[in-house]
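Below you'll find the structure, written out as C-alpha cells, and then a few comments.
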Amino acid sequence: MKFSEMPYVRPDLEALRQAAETAVTALDAASSAQAQLDAYEAYEKAAATAETMRSLCYIRHTIDTRDTFYEAEQDFFDEAGPQMEELDQQVSRALLRSPFRAELSEALGALLFTNLEIQVRSFDPALLPLMQEENKLASAYQKLYASAMVEFQGQTMPLPKLGPYKEHPDRAVRKAAYETEGKFFDDHQAELDALFDKLVKNRTEQARLLGHENYLQLGYDRLGRNCYGPGKVAAFRDQIARDIVPVVAKIKADQAQRLGLDALKYYDDLMLFPDGNAKPTGAPDEILAAGRHMYAHLSPETAEFGAFLFDNQLLDVLSKDGKAPGGYCTDLPDYQAPFIFSNFNGTSGDVDVLTHEAGHAFAAYRAFRKGYPRKLQSPTMESCECHSMSMEFLTQDFHQDFFGPATRKYEVGHCEDSLIFIPYGCMVDEFQTRVYENPDWTPARRNAFWLELEQKYRPWIDFDHLPFYGRGSGWQRQLHIYLYPLYYIDYCMAQTVAYQFWLASLENREDAWRRYLAFVDRGGTATFEELVSGAGLKLPYAPGAMAEIGEKISRWIDENPL
C-alpha cells in the first residue's frame, strides 16, 4: 500500500489494555509452552498495530509540524506512549515468569529474554508522569528547531537550507552562514538552556526512582545494550583520543594546505576542497531516480527492496517550510514497511540519505520478511547503524551515477569526513556522560566543559568568535543530545565496523557483500559483539583495534590522492 493511502486511526488505549490483560491472564494460566506462544502472538499483533499508528502520526507530524491535526495526535502519543510501554512491560513480566522458559527460548530465541529483563528493569509505573513530561520537553525542542526561519542573502529559509552555504567556496559566505545559524540559537538561548536543564533533571529523577545514582545505567538499559557497558565505551573513547585524533589532525592539516589557509576556522571545517565539496549533479528527482537504479542493480536482494520502497512512496526527503530537521528511518509494522525521512539541501548529504537511511530501511525490510518476533526484528542501535553506515560504502560502484566527474572527490571526502566524525561523536558521548553524572551543572558549566572537550577531540578548530559556537553551546544544535540521550556513540562504533566492511570490499566485493547480508539478516537475534565477530571483524573497543583501522584508512587516503 502506498504511504499516502495508509489510514490513520488513533489507537484505542482501552482496547490495547484489554489485549495486554488478556495476554497476561493467558500466559499465567497456560498449561503448555504453545499456549503461551499463542497468547503472546495475539498481544504482539495488537501492539504492532498501535505502533504502526504511532509511526504514521510521527512521520506525518514531522513532515509538517504546522499540521494541527497531527500536532494534536503527537501530543496524544506524548501522553499515551509511556502508558503503552507500561502495558508492554506487563506482558514481558508475565513471559519472564513462565515455567516454560526453556521451550520459549527455543521458539523465540534466548536473547529475547535477556532483552526483556533489561527492558523490565528500566521501567516502573511510578515513572509515567515523568516520562510523559520528558516526551513533551523533547517535542518542544523539536518544534522550536523546526520553526527556525532565517534571513540569508535576501531569502527566508529553514535552517537545513543553510547547508550549501556552509560549504560555499567563498569563505565570507561560509562564515556568514554560520553566523546566521548561530544567531537563531543565540536568540533562543534561554529557552534552549531551560529545556535541556529540565530534561537532565527529569531523566535523573527517573533513574533515582529506580534506585540508580544517576541516569547513565538507565540510559544504557533504555538503549537495550546487552553486551557492553560504560567501561567499554570509555575504553573506545580513549582509543579514539589516542589513536584517531592524530590521524584526523593530519587530515585537517592537509585540508588547510589544499584550501591555501594557514589555519582552519570553524567555518572552514566542512570545506574539504578549494573548488568546493562534491555535490550531486542532478535535481532531487534525478537523485531519487539514480537511487532507484542503484538498488535495482546492486544485488537481487536490494532490487526487491528498492522497488518496494519507491513504488509505495516510502520516502519524504525534500526540505520545506514547517518540516522537522534531520533525517531518520522508522518502521510501519502492519505494512512490513520502513519509511525514510530527510531534508535534501543540495549537498552530498542528499546521496548519503539514499545510502545511510536506506541501509536502515533495507535491514528493516529483510527482518520483516524473516518473520522474527517483533522484539528481535532489530538489533541494538549500534548494530543498526552498522547497517546504514556500511551501506554508504558498499554502494561505491554507483557513486558515479550521482557525482559524475566529481566521484573521486566524493569518495575521498566521504572517507575523510567519516573519520573526522568519530572524534566529534565521542565528544558528544563524553559530554552527555559527564552531564548526567553532574545533573546540577549550570548552563555555563556545561558550555565550559564542551569547550574543554573540543580541545581534547578537535584541537584543530578555531571558532573565531562565532556567535553560539564560540561560547561553547554548539552542542545544542545536536538534536540527539535532547531527544536520544547517550545514543550518539553508537554512530562512532558503527563507523569502525563500516570501515572494516569497506576495506574488505576493496579486496573482494562479493565476499564483503555476503558477509554484510548475513550481518543484516540476523536482525536482532544476536548481540553486537556476536554480529561483529560473526562477520570476521574487530570490535571497536578491542585493544588496539582503532590503531589498526586508523592506519589502514590513513594509508588508503595517502595512496589515493585526487
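Details
- Couplings 3J(HN,Hα) for region 546-562, derived from phi with the Karplus relation 6.51 cos²θ - 1.76 cosθ + 1.60 (θ = phi - 60°), are 6, 4, 5, 5, x, 5, 5, 5, 4, 5, 4, 4, 5, 7, 10, x, 6 Hz, where x marks Gly and Pro.
- Look at the alpha carbon pairs under 8 Å that are at least 6 residues apart: their mean separation over the length of the chain gives a relative contact order of 18 percent.
- Sorting 440, 12, 88 by accessible area puts them as 440, 12, 88; the probe is 1.4 Å, largest comes first, and only protein heavy atoms count.
- Cα lying deepest toward the dipole's positive end in the chain, options 419, 223, 158, charges on Cβ: 419
- Annotation: per residue accessible area for region 187-250 equals 41 Å², rounded to a whole number [probe 1.4 Å, protein chains only].
- Our estimate of slack between residue 2 and residue 257, defined as 0.36 nm per intervening residue step minus the Cα-Cα distance, is 86.8 nm.
- Under 30 Å from the Cα of residue 250 - lysines, other chains or at least 8 residues apart: 166, 175, 232, 265, 279, 409, 456, 538, 552
- Residue-normalised accessible area of region 449-527, given per residue in Å² at a 1.4 Å probe: 33
- Among the protein heavy atoms, those of residue 434 account for about 80 Å² of accessible surface (1.4 Å probe, every chain in place).
- Proximity of backbone amide H atoms, modeled 1.01 Å from N, is registered between residue 337 and 332 at under 5 Å, excluding neighbours fewer than 5 places apart on the same chain.
- Taking a ≥ b ≥ c as the square roots of the eigenvalues of the alpha-carbon gyration tensor, region 340-390 is classed prolate because a/c is 1.5 or more and a/b outweighs b/c.
- Helix 128-146 vs. the chain, principal-axis angle (Cα, 0 to 90°, nearest 10): 30
- Carbon/sulfur fraction of accessible area - region 15-146, other protein chains in place, 1.4 Å, %: 53
- Net charge of Cβ neighbours under 14 Å - reference residue 175; Lys, Arg +1; Asp, Glu -1: -3
- Given charges at beta-carbon only (K, R positive; D, E negative), |dipole| of the chain in Debye: 620
- Of all accessible heavy-atom area on region 419-503, the percent that carbon and sulfur account for (1.4 Å): 53
- Using the Cβ-Cβ distance between residue 35 and residue 72 with R0 = 45 Å, the FRET efficiency computed as 1/(1 + (r/R0)^6) comes to roughly 0.65.
- Prolate/oblate/rounded label for region 91-236 (Cα gyration tensor, a/c 1.5): prolate
- Here r is the Cβ-Cβ distance between residue 397 and residue 328 and R0 is 30 Å; the resulting FRET efficiency, rounded to 0.05, is 0.65.
- For residue 462, distant residues with modelled amide H under 5 Å away: 266
- Taking θ as phi - 60° and the Karplus parameters 6.51, -1.76 and 1.60, the scalar couplings of region 327-335 work out to x, 7, 10, 10, 10, 10, x, 5, 9 Hz in sequence order, x denoting glycine and proline.
- Residues whose amide H lies under 5 Å from that of residue 315, counting only those 5 or more places away or on a different chain, are 340; hydrogens are built 1.01 Å from N in the peptide plane.
- Taking all protein chains as they are arranged and a probe of 1.4 Å, the heavy atoms of residue 208 leave approximately 140 Å² accessible to solvent.
- Given [x] 35.4, 115; [y] 26.2, 91; [z] 23.3, 76, the label whose value is Rg and Dmax of the Cα atoms in Å derived from this model: [z]
- Spatial offset of region 21-56 relative to region 289-329 amounts to 32 Å, using the alpha carbon center of each.
- When the trypsin sites (Lys or Arg not before Pro) in region 1-104 are filtered for DSSP coil states and for at most 13 other beta-carbon atoms within 10 Å of their beta-carbon, the remaining sites are 2, 66, 97.
- Annotation for residue 313 and residue 242: the two label points, set 7 Å from Cα along the Cα-Cβ direction, are 5.4 nm apart.
- Sum of -39500 (n - 2.57) over DSSP H runs of 4+, divided by residues of the chain (222 nm, nearest 500): -20500 deg cm²/dmol
- The modelled label-to-label distance for the pair residue 93/residue 183, using points 7 Å beyond Cα in the direction of Cβ, is 5.5 nm.
- Given a 1.4 Å probe and the protein chains as shown, residue 320 ends up with an accessible area of around 80 Å².
- Modelled FRET efficiency - R0 51 Å, residue 548 with residue 370, Cβ distances, 0.05 increments: 0.95
- Backbone phi angles across region 359-371, fed through the Karplus curve with coefficients 6.51, -1.76 and 1.60 (θ = phi - 60°), yield HN-Hα couplings of x, 4, 5, 4, 5, 5, 4, 5, 5, 4, 7, 7, x Hz in residue order; Gly and Pro are listed as x.
- Summarising the strand pairing of the chain, around 75 percent of its internal DSSP beta bridges are antiparallel.
The values are calculated or read from the model by the stated rules, or taken from the named source; none is laboratory data. Keep in mind the model is a prediction, meaning the values are calculated, not measured. So basically every Cβ, Gly included, is an ideal-geometry build from the backbone, and we count neighbours across all protein chains shown. The accessibility values were calculated without ligands, DNA or RNA, using every heavy atom of the protein model including side chains. Shrake-Rupley method; radii C 1.70, N 1.55, O 1.52, S 1.80 Å.
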